[in-house]
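Working notes for the structure below.
The values are calculated or read from the model by the stated rules, or taken from the named source; none is laboratory data. Nothing here was measured: the structure is a model prediction, and the numbers come from that model. For neighbour counting, all protein chains shown are included, and Cβ atoms are generated from backbone atoms with ideal geometry for every residue, glycine included. Each accessible area value is taken on the protein alone, full model and side chains, heavy atoms only, with ligands, DNA and RNA left out. Shrake-Rupley method; radii C 1.70, N 1.55, O 1.52, S 1.80 Å.
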Amino acid sequence: MHNTSSLVRAILFDLDGTLVDTIGDIVYALNTALQYESIAPIDTKTCLQRVGNGLRNLLRLSLQAADRYVCDNRFEQLYKILIDTYHEHPVDHSYVYPGIDALIQKCVAHHLPMGILSNKDDALVSIIVSRFFQSEPFVFVRGAIEGRPLKPSRAAVMEFAELVGLQPDEILLVGDTEVDAATASASTTRLALVGWGFRTAEQLAEIGHRPICTTIEMLHSEVFR
């Protein structure tokens with residue numbers, strides 16, 4: 001359980017579905033890869049059901065759903081197509097959720113250290129963050145790096161905690177999926193889930209996650225108690 005009594009002294013944000021709506025560019029990159037296997041394009045709703053554990057897992061789930069089983073070499077070829085396409089079109093359809101910029105500026109004004117932790121390819125995370133938050137002082141920006149565990153592992157969260165010199169229960173992890181909830185549980189950070197991202201508030205409630213912030217004002221209340 002996260003500590004609800006202590007003040008938030010740092011914030012670790014998820015990226016996709018939390019700060020930025022990136023699903024349009026993810027769908028485009030995925031479908032570009034799938035067409036090389038003559039698999040029909042998937043829609044946004046289907047993609048939303050599969051995201052959260054990294055792009056490799058997204059591709060694997062999409063191949064399995066189409067009853068297409070490929071060898072390791074072919075999988076890596078398809079994954080490279082996905083990643084290369086995403087690098088070529090990283091933010092064609094993406095946008096920052098309304099109110100996020102103002103929230104970040106308020107965090108800056110309150111001298112709250114901020115980080116971003118994503119399961120997306122690390123290079124892509126850097127590109128997206130630099131495009132949308134170029135002037136923002138995130139002290140920690142981390143995506144998927146080969147050989148390092150993804151969320152819900154606590155490893156990167158503990159790196160952030162050490163970097164900012166805080167205990168995990170002084171950090172608020174803000175995310176939008178059950179993966180982020182499991183990460184907070186594993187690392188004993190506080191948790192706030194947003195209901196505007198890749199899972200609906202109803203989906204998050206059904207699997208027992210709280211609190212769920214359905215508006216930016218509710219998230220403000222979780223950050224600035």
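Where the alpha-carbon atoms of region 117-164 are placed on the principal axes, they occupy 28, 23, 14 Å, in descending order. Within the accessible area of region 95-152, the carbon and sulfur atoms contribute 54%, probe 1.4 Å, all protein chains present.
Restriction of the chymotrypsin sites (Phe, Trp or Tyr not before Pro) in region 17-75 to DSSP coil positions whose beta-carbon has at most 16 other beta-carbons within 10 angstrom yields Y69.
Counting only other residues whose beta carbon sits under 12 Å from that of I81, what net charge do I get with K and R as +1, D and E as -1?
Net charge around I81: -2.
Only bridges with both residues in region 105-193 count here: give the DSSP antiparallel percent, nearest 5. Among the beta bridges of region 105-193, antiparallel pairing accounts for roughly 0 percent. In this simple spin-label approximation, D43 and R68 carry label points 7 Å from Cα along the Cα→Cβ vector, and these lie 2.0 nm apart. Over the C-alpha trace of region 150-209, radius of gyration and Dmax come out as 11.7, 35 angstrom.
Pairs of Cα atoms in region 23-93 fall into 10 Å distance bins, from 0 up to the last occupied one, in shares of 21, 61, 17, 0 percent. The share of Cα pairs per 5 Å bin across the chain, counted from zero up to the longest distance, runs 1, 7, 15, 19, 20, 16, 11, 6, 3, 1, 0 percent. Normalised size of region 29-141, defined as Cα radius of gyration per 2.2 N^0.38 Å with N residues, equals 1.26.
Structural descriptor for region 159-213: relative contact order 30 percent, calculated from alpha carbon pairs under 8 angstrom and at least 6 residues apart. The shape of region 52-98 can be summarised by an equivalent ellipsoid whose semi-axes, obtained from the alpha carbon gyration tensor, come to 24, 14, 8 Å from longest to shortest.
Within region 84-169, the ratio Rg/Rh, alpha carbon atoms throughout and Rh by Kirkwood, equals 0.98.
What is region 123-225 by shape, rounded, prolate or oblate, if you read a ≥ b ≥ c off the alpha carbon gyration tensor as root eigenvalues and call it rounded for a/c under 1.5, prolate for a/b larger than b/c, and oblate otherwise?
In terms of gyration-tensor shape, rounded.
Applying the Kirkwood pairwise sum to the alpha-carbon positions of region 176-225 produces a hydrodynamic radius of 10.9 angstrom. Compared with the direct C-alpha span, the chain from E146 to A186 gains 12.3 nm at full extension, assuming 0.36 nm per residue. Here K45 is the anchor, and the lysines within straight C-alpha reach of less than 21 Å, apart from those fewer than 8 places off in the same chain, are K120. Rounded to whole Å, give me the distance from the Cα center of region 162-225 to that of region 59-126. Region 162-225 and region 59-126 have Cα centres spaced 19 Å from each other. For V51, the amide hydrogen comes within under 5 Å of no other amide hydrogen, counting only partners 5 or more places away or on other chains and with H modelled in the peptide plane. For the pair R131 and H220, what calculated FRET efficiency results from E = 1/(1 + (r/R0)^6), where r is the Cβ-Cβ distance and R0 = 25 Å, to the nearest 0.05? Between H220 and R131 the formula returns 0.55. When restricted to Cα atoms, region 1-63 yields an Rg and a Dmax of 16.1, 54 Å, respectively. For the peptides 12-19, 91-98, 194-201, residues were scored by their other Cβ atoms within 10 Å and the scores averaged per peptide; the highest-first order is 12-19, 194-201, 91-98. Within the chain, antiparallel bridges make up roughly 10 percent of the DSSP beta bridges whose residues both belong there. For L12, the residues whose modelled amide H falls within less than 5 Å of its own, excluding neighbours fewer than 5 places apart on the same chain, are G115, L172, L173, V174.
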